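Encoded as structure tokens, the structure appears first; notes follow it.
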Amino acid sequence: MVPLFARALIIALLVAPLPAAAQQLQTGFADFGQDQSTPIEIEADALEVQDKKNTAVFTGNVTVRQGNAALQTSRLTVVYSQSALPSPDKATAATTSGKAPSTPGDQRISRLEATGEVLLESDGQTATGNDGVIDFDTNTLALNGNVTLTQGDNVVTGDKLTVDLNTGIARVQSTGRVRVLLSPGGNRPN
């Protein structure tokens, strides 16, 4: 049996041919970031919170997990839709009232920006690139530079991978040509 990734790729190539420099396919990355109620776990060697910029910068062996999806990189900037820490006025008021400061209830992650050898894994697929952005406001994932998308022995390479997280449809683009290697009888992930 041909893996789902290969079937989707074959269908995309046969039914909706695109110019040679861009191909469209289905991926397993659509689940990443979709469920805002599922926690996103981040581990790193160091963390710097830049509250005035609404960012947190994780450096050194960064791993991000949500559900069965994982992202690894050397530097990750998390952009919040609102301040990551309470304002000085709230902190002062909380201290004077004897209560610990609390973070705002409507704070959420707006975007994850990964730089330095990005590896993304989900549903038996892996994608690599030089840098990447997961934008939760637009529900898109993008990997740039030396992009490789694999499932089992099947491989797609190009310069840029863009995934619509609403549909799971991915577009691979390249300044040269997108390269695809399909191994219908090859090893499949478990």
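General observations
- Near Val57, once Lys and Arg are set to +1 and Asp and Glu to -1 for all other residues with Cβ below 11 Å from its Cβ, the sum equals 0.
- Counting charges near Thr126 (Lys, Arg +1; Asp, Glu -1) among other residues having Cβ under 13 Å from its Cβ returns a value of -4.
- Derived scalar couplings ³J(HN,Hα) [region 166-181; Karplus, 6.51 cos²θ - 1.76 cosθ + 1.60; whole Hz; x for Gly, Pro]: 6, 10, x, 7, 10, 10, 10, 10, 8, 5, x, 10, 6, 10, 10, 10
- Label separation (Arg179 vs Thr126): 1.7 nm, computed from points 7 Å beyond Cα along the C-beta direction.
Each value in this text was obtained by applying a stated rule to the coordinates, not by laboratory testing. Quick caveat, the model's predicted, so the values are computed rather than measured. Note that each Cβ is placed from the backbone with ideal geometry, even for glycine, and that neighbours are counted across all protein chains shown.
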